[in-house]
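Taking it in order: structure first as structure tokens, then the write-up.
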Amino acid sequence: MEPGIVTGQTLRPEEYFVETEPYYEPVGDEIEVFEAAWRNQLPVLLKGPTGCGKTRFMEHMAWRLKRPLITVSCHDDLTASDLVGRFLVAGGETVWVDGPLARAVRCGGICYLDEIVEARKDTTVVIHPLADDRRVLPMEKRGELLKAPPEFCLAISYNPGYQSVLKDLKQSTRQRFVALEFDYPEPELERRIVEKETGIEPELAERLVKFAHMTRNLKGSGLDEGASTRLLVQAAKLIVSGIPPVAACRAAVAQALTDDPEMLAAIHELSASLF
Amino acid sequence: MAAVPPPAARALEGEPLSAAAIEARLDEHLDLVLSSRRTAAGPARELAAFSRAEQELVLRWVAVLAAAHAELAYQFASLAPRALRLMDEAGVEAWVRQAMDTYDSAGLYPAVAALREVEAFAERARARAAGLALEEVAGVLERYVRGLGGRPLKVEAGEAPWTDTETLHLPPVLGVLGDREGNFRLYKAMAVCLWAQCWFGTWRAPLLARLREAGAEAAALYAALEALRLEARLARALPGARRELDTLAAALAVAPWPEPWPEAARRLAAPEATAADSLELALAWAGRVALPPPRPWEGPPRPEAVAAVLEARLERERRSLRRELAALAEEQRGAVPDPVRLEAAPFTLERIEDPAAPEGFTFRLELDGQPIEPPEEVRGLLTSIVQDLGEIPEEYLVPAGPGEYDAGAQPAGRDPRDVWKGMYHEEGAHLHDEWDYRRGHYRKRWCVLRELDVHPVRDGFVERTLRRHRGLVASLRRTFEALRGEDRLLRRQPEGEEVDIDALVEAYADAATGQEMTDRLFVRKRREERNIAVLFMVDMSGSTKGWINDAEREALVLLCESLETLGDRYAIYGFSGMTRKRCELYRIKRFDEPYSDEVRARISGIRPQDYTRMGVAIRHLTGMLREVEARTKLLVTLSDGKPDDFDGYRGTYGIEDTRMALVEARREGIHPFCITIDREARDYLPHLYGPANYVVVDEVRKLPFKVSDVYRKLTS
Ligand SMILES: Nc1ncnc2c1ncn2[C@@H]1O[C@H](COP(=O)(O)OP(=O)(O)OP(=O)(O)O)[C@@H](O)[C@H]1O
Ligand SMILES: [Mg+2]
């Protein structure tokens, strides 16, 4: 199982430790900035398009700082008590069960709230006091305030590319965080990432990165997003397993990006020209 | 065609009608447009020579056309004999239908013109039957070259393949290869070779000047040599595309060029070879070496056309870049650019090696010695300028000073002061401030705005639009219904259809720990109220005349259909005017008005007016939105260009006022968004609306669909 993912109530915080170093290529000074923010007990906001390495970066930082990582993927039904916890009944007795955020606070871990704008608005109520210098988690049901230890770190992610006016991060939220901006890596670096993640030949990795840039040129001219590093890694994996490059690009990249037949045809011609 | 059918068939379909019988039937329909000097006798005489089936076909269509316009029917009857000699019956019907469509969209004269082009139509139909029409693949080709990189290139129909560095002109139909796939390969070969000219430096400004002096023969040799150099570059950058060229050459039995061409090809294939080498060779060869036959995907170059486009672009882009850099400096340093500090050339470019770039390097922009990530539009400008010049001259990097806005040439023949005469009295009008960025403050009560009604027109436009886009309307309804119809489970409700188990357990636990027990124990299904009010502000300036206006009106029809499905509150206003003394907002649909027959007639009645003074329109509509109760308020502008008015409201002045008006709107909690068809919009829209708050629609014909689609994305 992947480290740091909450899939049930059975894992204990010590099990969220990332044991082996997750491969991460720094793009700029993000590692230093994150470390500094963590030492100063400042929460962090990761901005950037999908598939550019935000989750991987968090795993890497958790390993580097030797803190447990608890990731919550936010969705539009996620409420404050899903994060904080609730009373359950067991054998006629009521038992309190911590939510992932409370668990992270207690064990001084890193809590990563992925795609925070998707969550219900009431979650901000519990995030705000944690994200300013109070650093407390209000546990309303228990009538308690949980004080975060210095090692605790709150990180959230946000994709500013969304155009929906209904999904904007409020100023009062975003201004509490140290913001790290992520983008797709420079060609040379991206090539190395694709290579290391998949063991694909350098020549092919380089062409894949070129292909990604071609799709990124189309952003705003019919594509909402160009191919992410994640899609490249996936295409490379297919190629390594013996799928011809053009077919791999079609399955792993073109089809993932669009359903528009003209756009699909154009992207297909691009990869056919490249390989 | 007019051959006598075998006896059996003749019995079945009847004897051909006599000229007199045909004339009598034509008279029935054409009465309105006939006179003593213009009779149906001529067409009837000619039609008498055709089979009964063909005659009936013509008479049937005459009746149909006459219902639309008798003149159209008369023209058809006169041209039908010619058409029947050129095409089979299906072809003739396609020709009439095309004229009908033209009549629907553009009126009588264009429709008659379409009928008269019967030869050209027949020619195209023949080629199309065998081959592939450009319009079928233009969309794919445009995206393809866009993806390849560099300045965006449009695709348009022309005779032979050539480019002016902004448009790829490709033949309207290709039938050289037997099948569609083959012909598509040929189109793609043309597109990639023309793209390569733009990307790998065939049309660099300094070379172009020398080329134009060298004369036509040298230019043709230069183009052929460049083709060789570019083939080698393609082989390195896009091996797949190069392979396709070779396959095409084999399929079309292209003969290899004789010496000295292969020798030149070897020299030009060297990685360090440039267009300058091709030019040297061409100059040396002029008058000595014969031009080989062009390959099927190549056409004669047009240096003069390139020069015209390039000159205009250099000037435009230099100005845009300097303006963008000024804004960037301001944003980065958090201060208004100070002309004295600007002297010190704050921006510099560092060369970075990049084997993938045509020159082998790209640039990194630095401000005061610190590398910065330029916004998309700056990156686009830098790329385009490097494509033209091979570098970025230093003077391009000097940010525009605060005084540098282009007053532009006043349109000749009209005196702006005329509009001050007579018809103005300011009562009943709204006065709005305007931002003067040069002075850094508002000009008080500067603009006089009136709300007017669009004159409703009932000409069947809305019905025609709905008919034409039948499929699209249905799919829009479906998507918007899905958006509205999302039933949400509301938890912890005081009443509802089902028990909320989570809530019950918690309540039980609360009770057990001695706390108060909540009564919110139920789950209820409910449609989430979409509490959105949106105001559409539609450009009605003179520049929208023609198909842009049509596309705007069609877009509004489809949008209204979508919004009606959705139930969001909406209003639509057009804006135009001339000078600050006559700013006009045209009511098309008010917030409190239903989507009635009257509203539909107003949409149909939208006609291009004068200029685009955007700021005042935004301010007025902002005031209107302020009065509306809604959780989310949107102001969506549909435009075709920059803010522009008669009395100096252009360039930086117009842009800065519009920007300020948008800032004011945002302050009121309104989300402004812009949908534009101006291809240069990327130069200024981010500055006005912010990076994620605008959309450029590349093709006008997509506008009707796009507007609804953008709205859906914006609010889901
Ligand atoms: N800097 C990097 N170093 C190593 N791998 C990277 C890097 N950037 C991206 N990757 C690769 O890209 C993949 C996708 O990255 P990741 O899952 O972190 O994206 P994300 O930014 O979290 O996306 P989303 O917003 O969709 O969750 C990773 O699995 C990894 O293979
Ligand atoms: Mg992620």
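The values are calculated or read from the model by the stated rules, or taken from the named source; none is laboratory data. Given the structure is predicted, the values throughout are model-derived calculations rather than measurements. Reconstructed Cβ throughout: ideal geometry from the backbone, glycine too, with neighbour counts over all protein chains shown.
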Quick check: is even one residue across segment A:165-173 without any contact (Cβ under 8 Å) to a residue 60 or more places away in the chain, within 12 Å of another protein chain (Cβ to nearest Cβ), assigned to a loop (DSSP other than H, G, I, E, B) and within 16 Å of ligand 1 (Cβ to nearest atom)?
-> yes
Scan the strands (runs of 3 or more DSSP E) fully inside segment B:506-598 and keep the ones with 1 or more residues being among the basic types (Lys, Arg).
-> B:522-527, B:569-577, B:583-589
Residues that are at pLDDT 90 or above and among the polar types (S, T, N, Q), drawn from segment B:384-422 = B:384, B:387
Can you name the condition, by its number, that residue A:72 falls short on among (1) away from ligand 2 (no atom under 16 Å from the Cβ); (2) aliphatic (A, V, I, L, M); (3) under 25 Å from residue B:492 (Cβ atoms)?
-> (1)
What are the residues in segment A:116-131 that are away from ligand 1 (no atom under 16 Å from the Cβ) and at pLDDT below 90, if any?
-> A:120, A:121, A:122, A:123, A:124, A:125, A:126
Only one of (1) more than 22 Å from residue A:269 (Cβ to Cβ); (2) within 13 Å of ligand 1 (Cβ to nearest atom); (3) within 13 Å of chain B (Cβ to nearest Cβ) is not met by residue A:197, so which one is it?
-> (3)
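This table checks each residue for (1) touching a Gly at 6+ places or on another chain (Cβ under 9 Å); (2) at pLDDT below 85.
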| site | (1), (2) |
| --- | --- |
| B:538 | yes, no |
| B:548 | no, yes |
| B:561 | no, no |
| B:564 | no, no |
Within segment A:118-162, residues being under 13 Å from residue A:101 (Cα atoms), buried (at least 19 other Cβ atoms within 10 Å of the Cβ) and either among the hydroxyl-bearing types (Ser, Thr, Tyr) or within 14 Å of chain B (Cβ to nearest Cβ) (or both) number 2
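Residues that are within 14 Å of chain A (Cβ to nearest Cβ) and in contact (Cβ under 8 Å) with a residue 40 or more places away in the chain, at least 1 per element: which helices (runs of 4 or more DSSP H) completely within segment B:85-178 meet that? Steps first, answer last, please.
Numbers: elements: B:89-106, B:108-116, B:118-130, B:134-148.
Counting at least 1 such residues, we get B:134-148.
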Go through the residues of segment A:217-236 one by one and say whether even a single one is away from chain B (no Cβ under 11 Å), farther than 18 Å from residue A:53 by Cα, touching a helix residue (DSSP H, G or I) at 6+ places or on another chain (Cβ under 9 Å) and within 16 Å of ligand 1 (Cβ to nearest atom).
-> no
When only residues in segment B:615-673 that are within 24 Å of the chain's Cα centre (by Cα) and assigned to a loop (DSSP other than H, G, I, E, B) count, which is surrounded by the fewest Cβ atoms within 10 Å (Cβ to Cβ)?
-> B:641
Residues that are over 15 Å from residue B:600 (Cβ atoms) and surrounded by fewer than 19 Cβ atoms within 10 Å (Cβ to Cβ), drawn from segment B:550-564 = none
Inspect segment A:54-62 for any residue being out of contact with any strand residue (DSSP E or B) (no Cβ under 8 Å at 6 or more places or on another chain), of a type outside the set (Gly, Ala, Ser) and more than 16 Å from ligand 2 (Cβ to nearest atom) and give the result as yes or no.
-> no
Of the residues in segment A:98-110 that are away from every other protein chain (no Cβ under 14 Å) and closer than 16 Å to residue A:75 by Cα, the one that is farthest from ligand 2 (Cβ to nearest atom) is A:101
Scanning segment B:345-392 residue by residue, the ones that are more than 24 Å from residue A:206 (Cα to Cα) and charged (D, E, K, R) total 5
Kindly state which helices (runs of 4 or more DSSP H) lie completely within segment A:1-115 and contain at least 3 residues that are away from ligand 1 (no atom under 16 Å from the Cβ) and modelled with pLDDT under 95.
-> A:80-84, A:100-106
Test: residue B:507 is at pLDDT 80 or above, closer than 20 Å to residue A:82 by Cα and small (Gly, Ala, Ser) | yes
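Could you tell me which of the residues B:273, B:265, B:307 is part of a loop (DSSP other than H, G, I, E, B), touching a residue at least 12 places away in the same chain (Cβ under 8 Å) and in contact with a helix residue (DSSP H, G or I) (Cβ under 8 Å, 6 or more places away or on another chain)?
On the way: B:265 fails: part of a loop (DSSP other than H, G, I, E, B); B:307 fails: part of a loop (DSSP other than H, G, I, E, B).
None of the other options fit; the residue is B:273.
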